[in-house]
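First up is the structure itself, then whatever we jot down about it.
The values are calculated or read from the model by the stated rules, or taken from the named source; none is laboratory data. On a predicted model such as this, the values are computed, not experimentally measured, just so you know. Don't worry about glycine lacking a Cβ; one is built from the backbone with ideal geometry, like all the others, and counts go over all protein chains shown.
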């Protein structure tokens with residue numbers, strides 16, 4: 001069996017040399033370059049380059065709390081949840097003999113590459129070794145499926161995970177089979193929405209220091225390949241409201257490392273003088289404007305103004321909304337900041353608020369000109385205490401604050417506010433109320449920290465959105481209970497097993513057929529926390545204490561009789577259950593074959609067969625006519641000859657029979673022969 005798990009002993013070697021695997025360089029094969037997803041579109045990957053980046057944590061596999069599985073030949077997909085609910089999707093290999101695996105991560109407020117180092121980002125997954133289709137569906141299993149032998153046919157589909165509105169997710173698809181055959185990915189079947197229905201529009205524009213470049217920003221991500229980058233002035237997706245200058249090139253920001261962006265840089269033929277201008281959207285030479293990830297276009301004629309002003313310092317403009325337990329902050333500026341002016345140790349900034357925040361470093365997302373529209377501030381520890389925080393600009397260890405692309409230094413003392421929320425815990429308590437016919441479990445979650453969503457799942461089927469639900473079970477055993485909580489930003493998941501061990505079932509085995517001299521034996525198969533046994537053997541005998549009564553002789557007249565044996569059990573809760581068995585006491589167990597029979601349908605002696613063969617094993621009974629022809633044969637003594645051959649009645653005459661059997665009690669073998677007369 002080929003396994004996916006990576007032993008901890010080999011982890012160091014893996015991180016150094018990837019165990020000989022090629023490093024992933026194709027766009028989409030690393031978390032930071034993931035494909036952007038629109039829930040209404042299918043994604044086809046014709047081939048999968050062979051490579052590996054880092055192992056990922058797979059909780060609960062291989063007997064450890066966290067197994068490490070290689071992200072073998074991966075592709076990654078990123079999306080945002082726009083409506084809380086369940087996520088369904090299907091991965092269809094081009095070759096149904098391939099083994100594809102997947103794992104979903106919640107990366108809200110995290111760098112995408114944190115999936116390799118933070119096991120708490122895990123949401124769901126399936127690493128089954130089975131071949132063929134895989135994904136998340138309503139009929140999927142509730143537990144993570146670990147690497148397995150393909151012959152074991154471990155389930156390929158997992159239960160649809162619940163995703164939360166406003167959270168960001170990354171889906172890993174790993175191709176474990178050693179081939180480059182691709183697959184198709186489609187979304188559907190769940191109640192969540194991962195489709196951004198916001199119409200793409202132009203949001204803002206700014207001018208470069210030398211007035212030769214205009215930076216245009218959209219209100220959402222658009223496809224890099226929808227930008228016309230070269231051509232004549234009328235070929236581009238934009239036009240400029242002046243004859244002084246025209247567009248000669250357009251570049252999507254960071255498109256060399258991504259499939260989408262929200263910023264396009266327009267290069268002009270001449271610098272623009274001080275004044276106000278308008279940038280207008282038009283269909284480029286590719287026949288469309290800019291397209292978002294769902295293929296929706298920015299309307300033709302959409303406009304945004306750009307002002308060319310005298311030089312002045314760039315203020316601290318805004319801060320991106322922070323996620324749960326943020327370990328970094330991102331500042332956004334109207335003009336690009338010179339990356340060389342950013343103190344690498346983060347000393348240009350000070351963060352104050354309800355919790356102690358220590359800045360570890362700062363950097364920009366720098367282009368080839370060493371300019372960045374944002375500054376990322378990395379913290380030594382995540383912010384876990386909620387409240388209003390302030391980030392203030394000051395002179396750093398490099399002797400200055402920050403300097404924009406035009407050489408203007410932003411004055412110290414500028415500040416921005418942001419709000420962080422408390423982290424949340426999904427840990428819960430429960431009270432079990434045991435009963436005779438059903439059990440009641442009262443679940444409790446303390447809430448707090450702004451929690452406004454509770455998603456309970458009971459045994460992977462029933463759900464509740466109450467804070468403190470009550471669940472009634474009529475089937476006992478271990479119950480798998482999962483709770484997901486969220487305050488709209490932070491979320492947490494806890495799973496517990498609740499044992500209901502009060503099942504009570506009365507059951508016993510006995511000798512159902514007794515010959516005159518036989519003893520009835522009893523075997524108690526009852527289950528439960530039993531404190532008393534009440535036996536009634538059906539002939540007036542009783543035993544109120546012993547789990548199993550002694551062997552019992554039924555004394556009866558020389559007739560066949562049926563006795564009803566009964567067992568009543570009681571458990572420590574005072575609950576009762578009853579089991580009943582019929583015991584047939586025979587008149588005789590002497591095996592004999594009649595010397596005559598009359599098959600006339602009067603119900604008396606109508607058949608020929610060995611009587612009372614209750615204790616005959618390996619029985620063979622045969623009947624021959626006077627010509628020596630076999631007319632009847634059976635190994636079941638209760639199957640009887642009715643005096644016909646292939647449905648034709650036979651006339652009066654003598655027939656020869658043979659009987660072989662082994663006596664069950666003694667093991668002695670018998671071989672008998674005789675004749676019987678058929679009388680019409």
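State whether one or more residues within region 137-144 are within 17 Å of residue 92 (Cβ to Cβ), surrounded by 16 or more Cβ atoms within 10 Å (Cβ to Cβ) and modelled with pLDDT of 90 or more.
Yes, region 137-144 contains at least one residue that is within 17 Å of residue 92 (Cβ to Cβ), surrounded by 16 or more Cβ atoms within 10 Å (Cβ to Cβ) and modelled with pLDDT of 90 or more.
For region 644-658, which positions are at pLDDT 95 or above and either farther than 15 Å from residue 674 by Cβ or exposed (fewer than 11 other Cβ atoms within 10 Å of the Cβ) (or both)?
Scanning region 644-658 gives no hits.
Select, from 194, 170, the only residue that is within 22 Å of residue 106 (Cβ to Cβ), in contact with a helix residue (DSSP H, G or I) (Cβ under 6 Å, 6 or more places away or on another chain) and either modelled with pLDDT of 95 or more or surrounded by 20 or more Cβ atoms within 10 Å (Cβ to Cβ) (or both).
The conditions single out 170.
Does region 308-325 contain at least one residue that is modelled with pLDDT of 95 or more, under 39 Å from the mean Cα position of the chain (by Cα) and surrounded by 21 or more Cβ atoms within 10 Å (Cβ to Cβ)?
Within region 308-325, not a single residue is modelled with pLDDT of 95 or more, under 39 Å from the mean Cα position of the chain (by Cα) and surrounded by 21 or more Cβ atoms within 10 Å (Cβ to Cβ).
Among the residues of region 393-402, which ones are crowded, with 19+ Cβ neighbours inside 10 Å and either part of a loop (DSSP other than H, G, I, E, B) or modelled with pLDDT under 95 (or both)?
Listed by number, the residues that qualify are 396, 401, 402.
Can you pull out the residues in region 463-472 that are under 23 Å from residue 504 (Cβ atoms) and surrounded by fewer than 16 Cβ atoms within 10 Å (Cβ to Cβ)? Walk me through it before giving the result.
Filtering region 463-472 down to residues under 23 Å from residue 504 (Cβ atoms) leaves 470-472.
Selection gives 470, 472.
In region 334-368, which residues are in contact with a strand residue (DSSP E or B) (Cβ under 9 Å, 6 or more places away or on another chain), without any contact (Cβ under 8 Å) to a residue 24 or more places away in the chain and either crowded, with 21+ Cβ neighbours inside 10 Å or not in a strand (DSSP E or B) (or both)?
Answer for region 334-368, where residues must be in contact with a strand residue (DSSP E or B) (Cβ under 9 Å, 6 or more places away or on another chain), without any contact (Cβ under 8 Å) to a residue 24 or more places away in the chain and either crowded, with 21+ Cβ neighbours inside 10 Å or not in a strand (DSSP E or B) (or both): 344, 358, 362.
In the list 531, 494, 475, which residue meets the criterion of being touching a residue at least 12 places away in the same chain (Cβ under 8 Å), under 30 Å from residue 426 (Cβ atoms) and surrounded by fewer than 19 Cβ atoms within 10 Å (Cβ to Cβ)?
494
Quick one: would you say residue 628 is within 29 Å of residue 511 (Cα to Cα), at pLDDT below 95, loosely packed, with under 11 Cβ neighbours inside 10 Å and not assigned by TED's automatic domain parsing to the domain that holds residue 560?
no
With a cut-off of at least 2 residues that are over 38 Å from the mean Cα position of the chain (by Cα), name the strands (runs of 3 or more DSSP E) lying wholly within region 472-528.
Working: elements: 477-486, 491-500, 508-510, 522-524.
Those strands (runs of 3 or more DSSP E) span 508-510, 522-524.
What single numbered condition from (1) part of a loop (DSSP other than H, G, I, E, B); (2) outside the structural domain of residue 450 (by TED's automatic domain parsing); (3) in contact (Cβ under 8 Å) with a residue 24 or more places away in the chain fails to hold for residue 550?
(3)
Limited to region 278-298, what total is found for residues that are touching a residue at least 40 places away in the same chain (Cβ under 8 Å) and touching a strand residue (DSSP E or B) at 6+ places or on another chain (Cβ under 7 Å)?
Residues meeting the conditions: 12.
Could you please find all residues in region 47-72 being in a loop (DSSP other than H, G, I, E, B), modelled with pLDDT under 90 and either surrounded by fewer than 18 Cβ atoms within 10 Å (Cβ to Cβ) or touching a helix residue (DSSP H, G or I) at 6+ places or on another chain (Cβ under 8 Å) (or both)? Quick ask: steps written out before the conclusion?
Within region 47-72, the subset in a loop (DSSP other than H, G, I, E, B) is 48-51, 60-65.
Those still in the list that are modelled with pLDDT under 90 too: 60-65.
Across region 47-72, the qualifying residues are 60, 62, 63, 64, 65.
Per-residue answers, yes or no, for (1) touching a residue at least 12 places away in the same chain (Cβ under 8 Å); (2) assigned to a strand (DSSP E or B); (3) within 21 Å of residue 673 (Cα to Cα):
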position	(1), (2), (3)
535	yes, yes, no
563	yes, yes, no
578	yes, yes, no
584	yes, yes, no
589	yes, no, yes
594	yes, no, yes
599	yes, no, no
618	yes, yes, yes
626	yes, no, yes
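Identify, by number, the condition in (1) in a loop (DSSP other than H, G, I, E, B); (2) crowded, with 17+ Cβ neighbours inside 10 Å; (3) at pLDDT below 90 that residue 41 doesn't meet.
Going through the list (1) in a loop (DSSP other than H, G, I, E, B); (2) crowded, with 17+ Cβ neighbours inside 10 Å; (3) at pLDDT below 90, residue 41 breaks only (2).
Would you say residue 239 is surrounded by fewer than 21 Cβ atoms within 10 Å (Cβ to Cβ), part of a loop (DSSP other than H, G, I, E, B), at pLDDT 95 or above and in the same structural domain as residue 299 (by TED's automatic domain parsing)?
The answer is no for residue 239.
Working carefully through the options 578, 548, find the one that is at pLDDT 95 or above and surrounded by fewer than 17 Cβ atoms within 10 Å (Cβ to Cβ). Walk me through it before giving the result.
Values: 548 fails: at pLDDT 95 or above.
Result: 578 is the single residue among 578, 548 that is at pLDDT 95 or above and surrounded by fewer than 17 Cβ atoms within 10 Å (Cβ to Cβ).
For every residue, the table says whether it meets (1) in a loop (DSSP other than H, G, I, E, B); (2) free of Cβ contacts under 8 Å to residues at least 60 places away in the same chain; (3) buried (at least 22 other Cβ atoms within 10 Å of the Cβ).
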site: 97; (1), (2), (3): yes, no, no
site: 101; (1), (2), (3): no, no, yes
site: 120; (1), (2), (3): no, yes, no
site: 125; (1), (2), (3): no, no, yes
site: 130; (1), (2), (3): yes, yes, no
site: 135; (1), (2), (3): no, yes, yes
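Those residues that are surrounded by 14 or more Cβ atoms within 10 Å (Cβ to Cβ) and part of a loop (DSSP other than H, G, I, E, B), I need them from region 369-392; list them, please. Let's see the steps before the verdict.
At the first step, the residues of region 369-392 found to be surrounded by 14 or more Cβ atoms within 10 Å (Cβ to Cβ) are 370-379, 382-386, 389, 391-392.
Passing the criteria: 370, 382, 383, 384, 385, 386.
Going by the conditions given, is residue 239 free of Cβ contacts under 8 Å to residues at least 60 places away in the same chain and touching a helix residue (DSSP H, G or I) at 6+ places or on another chain (Cβ under 8 Å)?
yes
Of the numbered conditions (1) in contact (Cβ under 8 Å) with a residue 12 or more places away in the chain; (2) crowded, with 16+ Cβ neighbours inside 10 Å; (3) outside any loop (DSSP other than H, G, I, E, B), residue 114 fails exactly one; give the number of that condition.
In the conditions (1) in contact (Cβ under 8 Å) with a residue 12 or more places away in the chain; (2) crowded, with 16+ Cβ neighbours inside 10 Å; (3) outside any loop (DSSP other than H, G, I, E, B), residue 114 misses (1) alone.
Could you check region 272-290 and list, in sequence order, the residues that are over 19 Å from residue 199 (Cβ atoms) and not in a loop (DSSP other than H, G, I, E, B)?
275, 276, 277, 278
Exactly one of (1) at pLDDT 95 or above; (2) out of contact with any helix residue (DSSP H, G or I) (no Cβ under 8 Å at 6 or more places or on another chain) is unmet by residue 336. Its number?
Of (1) at pLDDT 95 or above; (2) out of contact with any helix residue (DSSP H, G or I) (no Cβ under 8 Å at 6 or more places or on another chain), only one is false for residue 336: (1).
For region 158-184, which positions are under 16 Å from the mean Cα position of the chain (by Cα) and either in the same structural domain as residue 264 (by TED's automatic domain parsing) or in contact (Cβ under 8 Å) with a residue 60 or more places away in the chain (or both)?
Scanning region 158-184 gives 159, 160, 161, 162, 163, 164, 169, 170, 171, 172, 173, 174.
Quick test for you: out of 512, 480, 442, pick the one residue that is surrounded by fewer than 16 Cβ atoms within 10 Å (Cβ to Cβ), assigned by TED's automatic domain parsing to the domain that holds residue 570 and closer than 30 Å to residue 569 by Cα.
512
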